[in-house]
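**Q** Take a look at this one; I'll ask things after.
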Amino acid sequence: MTKDKDKGNYLKTAELIEKTGLTRQIIYEYINLGLIKEALRTPAGHRLFSEHAVTEARLIHKLSESGYTLRAIRETFIEGKARQSIQDDTHNE
């Protein structure tokens, strides 16, 4: 785990893979589809993820194994995040 005193704890890709128990291929597929977002990148260009990415990856995988398509999961995640953003904006006015 990488620690940045100003930004908190972050996981490298290999650590995300280890914590989720998923394969590198599955993790990269989720990243490429926009299902998992990196929190930031190191100066060398390596992806770093929040601890929340572990929960997201596990949930995505469970939904996928339950028969949901990755497209449907992505649309649901995006719709839910957009709705949350609108609610947050409304509450901050």
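**Q** Search the structure for amide H atoms under 5 Å from the amide H of LEU40, placed 1.01 Å from N in the peptide plane, and list their residues when 5 or more places away or on another chain.
**A** LEU48
**Q** From the backbone phi of region 24-31, what are the Karplus-calculated ³J(HN,Hα) couplings (6.51 cos²θ - 1.76 cosθ + 1.60, θ = phi - 60°) in whole Hz, Gly and Pro given as x?
**A** Result, rounded to whole Hz: 4, 4, 5, 4, 5, 5, 4, 5.
**Q** Can you list the HN-Hα couplings for region 54-69, worked out from phi with the Karplus curve (6.51, -1.76, 1.60; θ = phi - 60°), rounded to whole Hz and with x for Gly and Pro?
**A** Those phi angles translate into 5, 4, 4, 4, 5, 5, 4, 5, 5, 5, 4, 5, 7, x, 6, 6 Hz.
Each reported figure results from applying straightforward, stated rules to the coordinates on display, with no laboratory input. Bear in mind that the values here come from a model prediction, so they are computed numbers and not experimental data.
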